[in-house]
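The structure under discussion appears below in the form of structure tokens.
The values are calculated or read from the model by the stated rules, or taken from the named source; none is laboratory data. Values in this document were obtained by computation on a predicted structure and should not be read as measured data. Neighbour counts are summed over all protein chains in view; Cβ atoms, including those assigned to glycine, are modelled from backbone coordinates with ideal geometry. Only protein heavy atoms, including side chains, enter the accessible area calculation; ligands, DNA and RNA are left aside. Shrake-Rupley method; radii C 1.70, N 1.55, O 1.52, S 1.80 Å.
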Amino acid sequence: MADTGRMLDVGQANELKLAFRRAGYTNAEIKKLSEGDLLADLLPLIRAYGKPMVAMSQHLIDCDAVPMIPKGLHIEEKDQLAGRVRGQITFDPTKITLYLSEKQQNGRIIEGHKFLKELANKAVYTANVLDYLLAHQELIPESWKDKAVFFFGTVYRDLDGGLYVRYLVWDGKQWYSDYGWLDDGWSSNGPAALHASV
């Protein structure tokens, strides 16, 4: 029988069962893996596993470098968040969580300045991660396609004093970057990209 590459047969299910057992997974952890989009988010990491280590090490991001600066803006140092991720990081989709304020949930909206203040001591990713993901779009989790993911670790200012944060968004055909004005409101489809301690 031809292997379609999509179907999980009984033998493969047994292989997974044995692998989970070898790795020491609990039933609760296996259940968590099968919920939501977690497995979709892990797929790029799984596909990269087993490739030469030089390929794996290429996903280093310098969060202290100067990210792309949109025309008409400059990086506003005094508004940079204390908790932002710094230094060299290795991109790992399992280490990114999409954070929503309680004020963004249940149809509510939070003003960008208030959201920025709430994120002050959280491990937000800088726009360097956004730039890296634009250059390596195969790494972007599929589950992000219905969201505008904001990178609050880098705050920009325009000549009139307005503050902005860049985001990554899917337009139905491709990924691109834009920026949101902090005077605007953030709804539930505008989460902040945070480093998750998992």
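The strands (runs of 3 or more DSSP E) falling completely within the stretch 126-177 include none with 3 or more residues that are more than 22 Å from residue 101 (Cβ to Cβ). Among the residues of the stretch 145-198, those that are among the hydroxyl-bearing types (Ser, Thr, Tyr) and at pLDDT 95 or above comprise 154, 156, 164, 167, 176, 177, 179, 187, 188.
Scanning the stretch 105-130 for residues that are surrounded by 19 or more Cβ atoms within 10 Å (Cβ to Cβ) and more than 16 Å from residue 195 (Cβ to Cβ) yields 110, 112, 115, 116. Pairing each residue of the stretch 165-178 that is free of Cβ contacts under 8 Å to residues at least 24 places away in the same chain with any residue that is open to solvent by less than 60 Å² (accessible area, probe 1.4 Å), provided the two are 6+ apart or on different chains, yields C-beta distances under 6 Å for 169/148.
Each row is one residue, and each column tells you yes or no for (1) of a type outside the set (D, E, K, R); (2) at pLDDT below 95; (3) out of contact with any Cys (no Cβ under 9 Å at 6 or more places or on another chain).
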{"site": "54", "(1), (2), (3)": "yes, yes, yes"}
{"site": "96", "(1), (2), (3)": "yes, yes, yes"}
{"site": "109", "(1), (2), (3)": "yes, no, yes"}
{"site": "114", "(1), (2), (3)": "no, no, yes"}
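Taking the stretch 178-192 as the range and being within 17 Å of residue 96 (Cβ to Cβ) and not in a strand (DSSP E or B) as the test, the residues that pass are 189, 190, 191.
Within the stretch 72-83, work out how many residues are modelled with pLDDT of 95 or more and open to solvent by 40 Å² or more (accessible area, probe 1.4 Å). Don't jump to the end; show me each part of the working.
Here is the first cut: in the stretch 72-83, the ones modelled with pLDDT of 95 or more are 72-75.
Restricting the remaining residues to those that are open to solvent by 40 Å² or more (accessible area, probe 1.4 Å) gives 72, 74.
Total meeting the criteria: 2.
Close Cβ contacts (under 7 Å, 6 or more residues apart or on different chains) running from residues in the stretch 78-91 that are without any contact (Cβ under 8 Å) to a residue 40 or more places away in the chain to residues that are small (Gly, Ala, Ser) comprise 82/120. Going through (1) in a helix (DSSP H, G or I); (2) without any contact (Cβ under 8 Å) to a residue 24 or more places away in the chain one by one, residue 116 falls short only on (2).
Against the numbered list (1) within 21 Å of residue 73 (Cβ to Cβ); (2) open to solvent by 20 Å² or more (accessible area, probe 1.4 Å), residue 153 comes up short only at (2). Only one of the numbered conditions (1) under 22 Å from residue 146 (Cβ atoms); (2) at pLDDT 95 or above; (3) open to solvent by less than 80 Å² (accessible area, probe 1.4 Å) is not met by residue 102, and that is (3). At least 2 residues being over 18 Å from residue 162 (Cβ atoms) is the threshold, and among the strands (runs of 3 or more DSSP E) wholly inside the stretch 58-98 those reaching it are 60-62, 88-90.
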